[in-house]
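The values are calculated or read from the model by the stated rules, or taken from the named source; none is laboratory data. Just so it is clear, the model here is predicted, and its values are computed rather than measured. Please note: Cβ atoms are built from the backbone with ideal geometry, for glycine as well, and neighbour counts cover all protein chains shown. These accessible areas exclude ligands, DNA and RNA; they are computed on the full protein's heavy atoms, side chains included. Shrake-Rupley method; radii C 1.70, N 1.55, O 1.52, S 1.80 Å.
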Amino acid sequence: MTPPLRTCCGCHQIKAAAELQRITLQPNGALGLDGRHKAAGRGAYLCPNAQCLQSALRHKALQRAFGIDLPQPVLEEFSRRFLERSGETHVNE
């Protein structure tokens with residue numbers, strides 16, 4: 001059976017969902033990392049690297065994916081947690 005395919009919001013490559021990090025919009029308005037790919041609701045996907053995160057933030061891909069304007073503090077906190085999980089330390093500006 002073919003694994004489910006998803007598109008990265010940063011680089012737009014189509015990959016198996018298991019290769020990507022799933023992001024969810026939580027009820028409190030924060031962005032969450034759904035490592036099990038089981039959380040309810042709409043999800044967006046990113047490759048687990050700083051380059052795709054930077055591209056998604058620059059092009060407001062997460063805001064488009066969730067259909068809302070995300071405040072800068074929410075994006076900064078999410079970026080910090082995403083980079084910690086991916087093992088990278090920062091996004092190159």
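Among the residues of segment 36-58 satisfying the criterion of being surrounded by fewer than 16 Cβ atoms within 10 Å (Cβ to Cβ) and closer than 23 Å to A16 by Cβ, which is modelled with the lowest pLDDT?
If we filter segment 36-58 for residues that are surrounded by fewer than 16 Cβ atoms within 10 Å (Cβ to Cβ), which is where we start, we get 36-38, 40-42, 51, 58.
Then keep just the ones that are closer than 23 Å to A16 by Cβ; that gives 36-38, 40-42, 51.
On the way: R36: 92, H37: 92, K38: 92, A40: 90, G41: 87, R42: 90, Q51: 96.
So the residue we want is G41.
Restricting attention to segment 1-60, report how many residues are in contact (Cβ under 8 Å) with a residue 12 or more places away in the chain, of a type in the set (V, I, T) and out of contact with any Phe, Trp or Tyr (no Cβ under 8 Å at 6 or more places or on another chain).
Looking only at that region, the number is 1.
Rundown of residues vs (1) under 13 Å from the mean Cα position of the chain (by Cα); (2) open to solvent by 40 Å² or more (accessible area, probe 1.4 Å), yes/no style:
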| residue | (1), (2) |
| --- | --- |
| C9 | yes, no |
| I68 | no, yes |
| Q72 | no, yes |
| E76 | yes, yes |
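For every residue, the table says whether it meets (1) of a type in the set (A, V, I, L, M, F, W, C); (2) not in a loop (DSSP other than H, G, I, E, B).
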site	(1), (2)
T2	no, no
T24	no, yes
C52	yes, yes
F82	yes, yes
